[in-house]
Amino acid sequence: MVNITFKFFSALLAIDVKPATYKPSPEALKAPKNSSMQTAANPGFGHLLMGPQSITFLPKVSDMSDPVCNVEPYDAPPVGFQEFPPYDEATATIFRYRQQQAVNLGSWFVHESWMTPSVFDCAAGDGIAEIDIAHGWRSIESARAVLERHWDTFITASDFEWLSSIGINTVRLPIGYWNLGPEFCRDTPFADVAEVYRSSWSRVVRAINMAGMYGLGVLVDLHGAVGSQNGQDHSGVSDGQMNLFSDAGNVDKTINVLTYLTKELVHVNNIVGIEILNEPKYVGELEGFYGRAIDAMRAVDPDAAKFPLYVHDGFDLDRFSKYLSGRHDFTVQDHHSYFVYTDSDRQESAVQHAKDIGDAVSSFLQKASDQVHRNMIVGEFSCALTPESMAQNPDDGDKARKDFCGGQVDTYAARTGGWHFWC
């Protein structure tokens, strides 16, 4: 693990990671109507929660008459019919049980305006979410050309090769239901722009195969569910509405998406699992939804009975470690860890944050991990700290941030089944 950490952070320094390169709060972009973010039961564990927001981001949204909205036709290279290599259970078992040293492939198939602002230049509406891109760029044909060019060039085989060379063995791949193609967009907000995604699924399959070429496992993460599981822009919507759990039709459609993913991926050697939902807002129906989804996914194929299914805890570490401790199938808890959103985050120095990682945070994770028999990952984290935190270590900020970042990797590796850096 020491060698992996050294390579990983050498790579981060090589690409010049800055103190401010953290995810802007989704709620600062468009707060869900009539709702607020839930918190966990643990007092003092606010570092691992999405708390009160103060970070804002104003995306660039051009007038449709702007020349930048003139899209050149894209003669996409043929993707063809993508097939997976023959299934080998022994190989798949290695991918699915080994500890994960991973990165997220953010804003490849599910866009966030702070990560890939250029694809939002001519987005429609609020211009902050995937649906705005699909409805923008003057026409369906132009929006499709913009996205296909992005899918083909944003991440390529050489990137997977590089990740493998620095010790990464897994990637988390966020997708939305729209990426499965027009059939899955029917009777959803993407129905009118479904043709934008005509060739999206074949590119998702290609991404999985490219990762496999370099020995990388893939955790396929449903970042955007039908109706939205959290009302956030990174779930594909820009209206702030969370309409998954309150709408039986949206529940059925989302479970249909999940069973399709299971059918397609259960026999893929380098698939480490499927994450059922990304960062759902906690509501009383969440556990019931998870139970129904898991049952449906397990029923797809006899081999799905032992297929890894990942459950995001809605930022409530205790609740879901207790929930999953009562299950006896291959379910894995996903917890996300950020240190930039709360007042206490801003008040603490980088040095103190690093100390907390090795003390309180480590203790909380150990307790939860023990309950789920170490079937837990930290599916998102970053090296980011606020300017206020960094200002408290003016003489050696780089070292303080490196200690903070390295401390996270060491703690998450020691306490859980793996870590996934957000990028």
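With a cut-off of 13 Å between beta carbons, the residues surrounding F84 carry a summed charge of -1, where Lys and Arg count +1 and Asp and Glu -1. One Cα centroid belongs to region 309-357, the other to region 65-114; the line between them spans 26 Å. Taking amide H as placed 1.01 Å from N in the peptide plane, I271 has its amide H under 5 Å from the amide H of V218, each at least 5 places away in sequence or on another chain. Give K281/K367; K322/K355; K322/K399; K253/K306; K253/K367 a once-over and call out the pairs whose C-alpha atoms are over 32 Å from each other. Distance filter (> 32 Å) returns K322/K399; K253/K367.
Among Y214, Y412, Y197, the residue with the largest mean-square fluctuation in a Gaussian network model of the chain, with springs joining Cα atoms closer than 10 Å, is Y214. With a cut-off of 9 Å between beta carbons, the residues surrounding G314 carry a summed charge of -1, where Lys and Arg count +1 and Asp and Glu -1. Only Lys, Arg, Asp and Glu carry charge here, each on its Cβ (+1 for the first two, -1 for the last two); on that basis the chain has a dipole of about 780 debye about its Cα centre.
Scoring 274-283, 151-160 by mean Cβ neighbours within 10 Å over their residues and listing the highest first yields 274-283, 151-160. For region 116-194 versus region 242-299, the inter-centroid distance based on Cα atoms is 21 Å. When you count the other C-beta atoms within 10 angstrom of each residue and take the mean per peptide, 95-102, 173-180 line up highest first as 173-180, 95-102.
When the chain is treated as a GNM with alpha-carbon contacts under 10 Å, the residue of A76, A354, A194 showing the greatest mean-square fluctuation is A76. Dividing the summed helix terms, -39500 (n - 2.57) for each DSSP H run of n ≥ 4, by the number of residues in the chain produces a 222 nm estimate of -11000 deg cm²/dmol to the nearest 500. Checking Cβ-Cβ separations below 4.7 Å across the chain identifies C185, C423 as cysteines lacking any candidate disulfide partner.
Calculate how many DSSP beta bridges within the chain are antiparallel, expressed in % of all such bridges and rounded to the nearest 5.
0 percent
Less than 5 angstrom separates the built amide H of T170 from those of Q101, V103, G217, all sequence-distant by 5 or more or on a different chain. Of A191, A92, A124, the residue with the greatest mean-square motion in the GNM of the chain, using alpha carbon springs below 10 Å, is A191.
Let me have the relative contact order for the chain, percent, based on Cα pairs under 8 Å that are six or more residues apart. Relative contact order here is 20 percent. Sorted on the mean count of surrounding Cβ atoms within 10 Å across their residues, most packed first, peptides 331-342, 363-374 read 331-342, 363-374. Other residues whose C-beta falls under 14 angstrom from the C-beta of V251 contribute a net charge of -4, scoring Lys and Arg +1 and Asp and Glu -1. Tell me which label goes with the value of mean projected area of the Cα convex hull in nm² computed from the coordinates here: [x] 24.9; [y] 19.2; [z] 21.1. Read-out from the structure maps to [y].
Rule-based calculations on the coordinates, nothing more; no lab input. Model, not experiment: these values are computed from the prediction. Every residue, glycine among them, receives a Cβ derived from its backbone with ideal geometry; neighbour counts consider all protein chains shown.
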